[in-house]
Amino acid sequence: MVRLSRALLRKYGNFIDDLRLYVKGGSGGMGYPRLGGEGGKGGDVWLVAQNKITLKKIKDTYPNKRFVAGTGANSSGVALKGAKGKDCDVGVPVGISVTTDDRKLIGELNKAGERLMVAQGGFGGSLVTNFLPLKGQAQSVHLDLKLIADVGLVGFPNAGKSSLLTKISHAKPEIADYAFTTIKPELGMIMYADHKQISVADLPGLIEGAHANKGMGHKFLKHIERTKQLLFVVDVSGFQLSSKTPFRTAFETVLLLTKELELYKEQLRTKPALLAVNKMDLPGAQENLNRLMEQLQNPQDYLHLLQRELIPESPVNFREIIPISANTSEGTEELKMCIRKLLDEEEEKQNEEYRKEKVNILQTTKLSQLVTG
Ligand SMILES: Nc1nc2c(ncn2[C@@H]2O[C@H](COP(=O)(O)OP(=O)(O)OP(=O)(O)O)[C@@H](O)[C@H]2O)c(=O)[nH]1
Ligand SMILES: [Mg+2]
């Protein structure tokens, strides 16, 4: 049985996954009418992806969150062409998308060292502007952090997601017998004997009604948008958030999780997915597992168990269902192998599609050359 903790009331600590900044390009320098001189262009503001930076660090270091680039130098008798103003480089974490106030995408930064210009400096004064300088571009930008992981863990609170992550990786997330122990996303790395590494994102538990902002709501689901694979984790004995909410069997939790994903974004449901049925060491687990397998194979016979609005449009097609115990490690090695196999297969599929596309392009160009030649 699960008891509700004060963690639910806690804000999710120091973790920030979006931040709004004000950015302004430098003004141009003054032109020099007497000799037709041109002022220097204002500096630009750039976001630069860096590994060791967090949005929290930016917020703490620059509390007013304003970034303004340098003004271009004025044109003068000694330097007719004014020097360009100093650019302003803002270090930001890897894995952010950058949007304007009205949520138009400016760009994404997915690798350390990548740069994105967010405010252009104004032109220096010249003949065209009557030697008056132009102001730099100014706007507010939103930095939206999405973890980049190969696999995303999806499950109700207390299902054992964090326990599983500690078993299969070196991550040390907090584990406890109350709901919402994990209050911020955490990354773990699975290491394979041949040195291949697969990253797994542990996310706060979802509950039914997350789409209506219940529990932690949907705010963390964006972190699995970019993952290549979903790993559902369910407690084989089912779940009950509190004595005031209904008990849900493992089958019902699978459907409810699917529904929440679907309500968040249709495409999430079509991601390759595995199901880990956890806590197989508990008494009665085998019977519960048998029932769950029967229900997953013939879902239409059991859908009447749920209210209509809780039933997903279509079920997730799990590539594998693996019974495990994060406590005793039963099944965890097999699970690691399944995760890898599915990722490899998907990669192979994508490579194949890419190859086909290339061949297609090549054939059409050859054909059009034959026609025109
Ligand atoms: N018996 C048994 N208990 C487990 C197993 N895996 C996890 N638990 C227990 O279940 C409780 C919840 O585990 P967590 O790993 O914190 O669960 P979680 O899914 O990360 O939960 P949230 O972070 O709240 O979403 C803890 O008391 C764990 O010790 C298991 O395989 N068997
Ligand atoms: Mg957890």
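The values are calculated or read from the model by the stated rules, or taken from the named source; none is laboratory data. As the structure is a computational prediction, the values presented were derived from the model and not from experiment. Using ideal geometry, Cβ is built from the backbone for each residue, glycine included, and neighbour counts are taken over all protein chains shown. What goes into the accessible areas is simple: the full protein's heavy atoms, side chains included, and nothing from ligands, DNA or RNA. Shrake-Rupley method; radii C 1.70, N 1.55, O 1.52, S 1.80 Å.
Can you name the residue in the stretch 202-227 that is buried (at least 18 other Cβ atoms within 10 Å of the Cβ) and away from ligand 2 (no atom under 16 Å from the Cβ) and is also farthest from Ile148 (Cα to Cα) among such residues?
As a first pass, look at the stretch 202-227 and keep what is buried (at least 18 other Cβ atoms within 10 Å of the Cβ): 202-208, 210, 215-216, 218, 220-224, 227.
Adding the requirement that they be away from ligand 2 (no atom under 16 Å from the Cβ) leaves 208, 218, 222, 227.
Numbers: Glu208: 25, His218: 17, Lys222: 11, Thr227: 7 Å.
So, considering only residues that are buried (at least 18 other Cβ atoms within 10 Å of the Cβ) and away from ligand 2 (no atom under 16 Å from the Cβ), the one farthest from Ile148 (Cα to Cα) is Glu208.
Go through the stretch 294-324 and give me each residue that's touching a residue at least 60 places away in the same chain (Cβ under 8 Å) and open to solvent by 60 Å² or more (accessible area, probe 1.4 Å). If the condition is that a residue be touching a residue at least 60 places away in the same chain (Cβ under 8 Å) and open to solvent by 60 Å² or more (accessible area, probe 1.4 Å), then Pro315 is the only one that fits.
Cβ separations smaller than 6 Å between residues 6+ apart or across chains give the following pairs from the stretch 225-242 residues that are in contact (Cβ under 8 Å) with a residue 60 or more places away in the chain and within 15 Å of Lys265 (Cα to Cα) to residues that are outside any strand (DSSP E or B) and of a type in the set (Gly, Ala, Ser): Thr227/Ala149.
When restricted to residues that are over 32 Å from the mean Cα position of the chain (by Cα), in contact (Cβ under 8 Å) with a residue 24 or more places away in the chain and in a helix (DSSP H, G or I), the stretch 266-290 contains 2. Please work out which residue is farthest from Leu343 (Cα to Cα), limiting yourself to the stretch 267-318 and to residues that are among the small types (Gly, Ala, Ser) and modelled with pLDDT of 85 or more. So the residue we want is Gly284. Within the stretch 138-172, the set of residues being hydrophobic (A, V, I, L, M, F, W, C) and not in a loop (DSSP other than H, G, I, E, B) comprises Ala138, Val141, Leu143, Leu145, Val151, Leu153, Val154, Leu164, Leu165, Ile168. Summed over the stretch 178-201, residues that are open to solvent by less than 40 Å² (accessible area, probe 1.4 Å) and either near ligand 1 (Cβ under 6 Å from one of its atoms) or charged (D, E, K, R) (or both) total 4.
Yes or no: Ile175 within 12 Å of ligand 1 (Cβ to nearest atom), under 17 Å from Phe239 (Cα atoms) and crowded, with 18+ Cβ neighbours inside 10 Å? When the stated conditions are applied, Ile175 does not pass them.
Scanning the stretch 209-236 for residues that are more than 14 Å from ligand 1 (Cβ to nearest atom) and closer than 30 Å to Glu287 by Cα gives Gly209, Gln229, Leu230.
Could you please find all residues in the stretch 26-60 being under 20 Å from Ile96 (Cβ atoms) and outside any strand (DSSP E or B)? Talk me through it step by step, then tell me what you get.
Let us first name the residues in the stretch 26-60 that are under 20 Å from Ile96 (Cβ atoms), namely 44-60.
Of everything in the stretch 26-60, those that are under 20 Å from Ile96 (Cβ atoms) and outside any strand (DSSP E or B) turn out to be Asp44, Asn51, Lys52, Ile53, Thr54, Leu55, Lys56, Lys57, Ile58, Lys59, Asp60.
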